[in-house]
1. Which of the residues that make up segment B:6-40 are crowded, with 17+ Cβ neighbours inside 10 Å, modelled with pLDDT of 95 or more and more than 17 Å from the chain's Cα centre (by Cα)?
2. Restricting the search to segment A:110-138, which residues are more than 24 Å from A:Leu204 (Cα to Cα) and not in a loop (DSSP other than H, G, I, E, B)?
3. Here are the criteria: (1) of a type in the set (A, V, I, L, M); (2) within 14 Å of chain B (Cβ to nearest Cβ); (3) under 22 Å from A:Thr275 (Cβ atoms). Tell me which single one A:Ala144 does not satisfy.
4. Of the conditions (1) assigned to a loop (DSSP other than H, G, I, E, B); (2) within 14 Å of chain A (Cβ to nearest Cβ), B:Leu71 satisfies every one except a single condition; which number is it?
5. Is it the case that segment B:208-224 has a residue that's basic (Lys, Arg), part of a helix (DSSP H, G or I) and free of Cβ contacts under 8 Å to residues at least 40 places away in the same chain?
6. Here is a check on your reading of the model: is B:Val43 loosely packed, with under 15 Cβ neighbours inside 10 Å, more than 17 Å from A:Leu142 (Cα to Cα) and within 14 Å of chain A (Cβ to nearest Cβ)?
7. Say we look at segment A:153-175 and pick out the residues that are in contact (Cβ under 8 Å) with a residue 40 or more places away in the chain and touching an Asp or Glu at 6+ places or on another chain (Cβ under 6 Å); which of these is farthest from the other protein chains (Cβ to nearest Cβ)?
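The values are calculated or read from the model by the stated rules, or taken from the named source; none is laboratory data. Note that this is a predicted model, so its numbers are computed, not measured. Neighbour counts run over all protein chains shown; Cβ positions are idealised from the backbone, glycine included.
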There are 2 protein chains.
Amino acid sequence: MSKPAGMTGGFSRFRIDLGYDGTDFQGWAKQPGYRTVQGELLVALEKIFGPTEDDFGMRVGGRTDAGVHALGQVCHIDITPEQQKRLGRTPFGAVRLQSLLPSEIVVYAVAPAKPGFDARFSAIGRSYRYLIADGKSPRSPLSARYELWVHTELDVSEMKKAAKKLTGLRDFGAFCKPRAGATTIRDLKELRVTRFLDNIEVYLVADAFCHNMVRSLVGALIRVGEGKLSAEELSKLQLSAKRESKFKVISAHGLALTSIDYVPDELLGEQAEKTRRRRTTEEISV
Amino acid sequence: MSKPAGMTGGFSRFRIDLGYDGTDFQGWAKQPGYRTVQGELLVALEKIFGPTEDDFGMRVGGRTDAGVHALGQVCHIDITPEQQKRLGRTPFGAVRLQSLLPSEIVVYAVAPAKPGFDARFSAIGRSYRYLIADGKSPRSPLSARYELWVHTELDVSEMKKAAKKLTGLRDFGAFCKPRAGATTIRDLKELRVTRFLDNIEVYLVADAFCHNMVRSLVGALIRVGEGKLSAEELSKLQLSAKRESKFKVISAHGLALTSIDYVPDELLGEQAEKTRRRRTTEEISV
């Protein structure tokens, strides 16, 4: 049971900006019997607003998989007038919500949503960062949870070359876990590989990513960096658009959702309706 | 049972450089029933060299407390000719040792120790770093394990002033957990407070630190930063040299041992004997 985007009739919609260390979560989406980010949020929210039957109509900008971190996640909730009454004297805000959450989840801001805002359907872009430490990088035990360790030195210039060939509006079927009825066409606006400080950073921006796409793309780029696949071969495999079993989906722990980009406020409602019509049957996740 | 510093008679001494995320360890020193860094190392070493009765004569440069991290820890072990024989065909080195350890412990290097080297007694300095995020710092969920979060904005210039008054060869009894027969005189060579990137970093160097000294010093500096204690008052409390219950020993998770400094190779044996004579009955730890 979900409410229409931009609805207001008696409900108050709140936008929640947050981040988390995904290591010890089974991803964003609540699952009975598992520790998930959404699950922890719902427990905290029920302490504030009382029981919910529809998860407060929560929707999220980027559904992250198990082990994936988030620095710039966004979700929204819809609070009924009855739930509002449960608030008590302490206002509902970032400090209150934070106080009910484990320290792995950080609430940056809680604010009434702009009219027409929908955390999922108003989004026009998702950015991710994947950190790799290769044979040239120093190893820090304080980064082990957040970067993939590769033993050989990676050829970053080859990786850059390959990355260039993959950007644009394309069919990324070679990198996606197939889902019946869902398109694998995505607009990969940016795919940047840089040696940044002591690490290699792969930075990706797309309108949305299909399932496993980020980790398959980065896995393929690593193979290029290792010299096991050329930039040209990778480009050809992409063009075939058939699920490529040779691209291993690399470990989640190097990956972080860095931001969700939204349309300007005045176009919020319009964008939400547009995306909703296009994607209702699809999952937007990595 | 420990062997004299610099001994060689049949033993081979190895120097091990390592780091660790201390979050899920009950500190460095092995303790039955607890997960400790030394305990994990000994389990790994026994897989390589077979059983030990004396913990391979292991000594460490900086005994860290529960929850304290290390970026530049150093220890040594003494391997008997019989144990050497157990090595098999794979040489004893960082890669082999690492393969037997959890990823929270990172082995940087394993090498035969220089003649006269003793990880504890050849050390002339220990450096620590304490990270604080205050009201001005952004909160990142990927730093939560490694920095203390303080809600107010700290007055860094007052903290710097106070830090200046505390450096030098002094009696740090006000900051130390007392131990019978042990001196609390230490040479605090550096105590630097800087706003570094988004955090406040307190950097400390001393010949050695007595128990709880780093965390009491940083706790006192935070009180200064909060305006609850003036630099002058703090200096007076230090001069009294009596254990000050008002300095709370702040959380371990913001603290990391950054390096152990050793005398130049040619003075190694001499320094070890000197320190040993002076400190045999004391614990060097934070």
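1. B:Arg13, B:Phe14, B:Glu40
2. Matches in segment A:110-138: A:Val110, A:Ala111, A:Pro112.
3. Just one mismatch for A:Ala144, condition (3).
4. (1)
5. Yes, the conditions are met somewhere in segment B:208-224.
6. no
7. So the residue we want is A:Ala174.
Every residue, every condition in (1) surrounded by fewer than 22 Cβ atoms within 10 Å (Cβ to Cβ); (2) aliphatic (A, V, I, L, M); (3) touching a Lys or Arg at 6+ places or on another chain (Cβ under 6 Å); (4) closer than 21 Å to A:Ser143 by Cβ, yes or no:
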{"residue": "A:Ala182", "(1), (2), (3), (4)": "yes, yes, no, no"}
{"residue": "A:Glu190", "(1), (2), (3), (4)": "yes, no, no, no"}
{"residue": "A:Phe196", "(1), (2), (3), (4)": "yes, no, no, yes"}
{"residue": "A:Lys228", "(1), (2), (3), (4)": "yes, no, no, no"}
{"residue": "A:Ser235", "(1), (2), (3), (4)": "yes, no, yes, no"}
{"residue": "A:Phe247", "(1), (2), (3), (4)": "no, no, no, no"}
